[in-house]
């Protein structure tokens with residue numbers, strides 16, 4: 001039976017100083033950039049290919065924007081961000097999957113509003129077309 005605990009100061013009797021080697025820093029493993037994730041564009045491209053193959057669709061890389069738009073809307077919601085930080089993928093899936101239907105409907109309504117504004121409001125159409133032309137021109141000129 002243990003009736004008392006004996007403690008001893010070991011540090012007083014041990015020398016933990018470094019006596020051999022150099023003061024040169026050690027190199028780490030890899031380049032220090034950490035784990036790299038597959039870029040979103042690559043994952044969306046794979047999704048587009050899978051949907052086309054499985055469902056006979058003709059989606060293109062331009063359709064990636066629709067998927068990215070849905071993801072961005074969810075990512076901007078604080079409860080969704082909190083759920084991702086505090087759960088594993090399975091639990092996060094349980095939480096976020098029911099939100100997707102609501103999101104798709106909401107984004108459809110917002111996109112429909114943009115569609116109507118483009119064709120119903122000449123000033124809106126002009127501003128949008130001007131911005132699109134300028135951005136497209138800049139994109140294509142810097143790409144080459």
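Read-outs throughout are calculated quantities, based only on the coordinates presented, and are distinct from any laboratory measurement. Computed from a predicted structure; not experimentally measured. As a convention, Cβ positions derive from the backbone with ideal geometry for all residues, glycine included, and neighbour counts pool all protein chains shown.
Mean 1/r over all different Cα pairs, inverted: what Kirkwood radius does the range 37-82 give, in Å?
On the way: mean 1/r = 0.0864 Å⁻¹.
11.6 Å is the Kirkwood radius here.
Need the C-alpha centroid separation for the range 100-144 versus the range 64-94, integer Å.
Going from one Cα centre to the other spans 24 Å.
For the range 75-139, place one equal point scatterer on every Cα, skip the solvent, and apply the Debye formula. What is log10 of I(q)/I(0) at q = 0.15, 0.24, 0.26, 0.27 Å⁻¹?
The Cα Debye sum returns log10 ratios of -0.70, -0.95, -1.04, -1.08.
How much length would be gained if the chain were fully extended between residue 77 and residue 121, taking 0.36 nm per residue of separation minus their Cα-Cα distance, in nm to one decimal? Display every interim value, and only then the final one.
On the way: separation 44, 0.36 × 44 = 15.84 nm, distance 3.06 nm.
In short, 12.8 nm is gained.
Need one number: nm distance between label points at residue 100 and residue 132, each 7 Å from Cα along Cα→Cβ, rounded to one decimal.
2.9 nm
With r as the distance between the Cβ atoms of residue 142 and residue 93 and R0 = 35 Å, compute the FRET efficiency 1/(1 + (r/R0)^6) and round to 0.05. Intermediate results must be reported in sequence, preceding the final value.
Values: r = 39 Å, r/R0 = 1.10.
So the FRET efficiency works out to roughly 0.35.
Could you calculate the FRET efficiency of residue 85 with residue 19 from 1/(1 + (r/R0)^6), where r is the beta carbon distance between them and R0 is 35 Å, rounded to 0.05?
Values: r = 45 Å, r/R0 = 1.30.
After rounding to 0.05, the efficiency reads 0.15.
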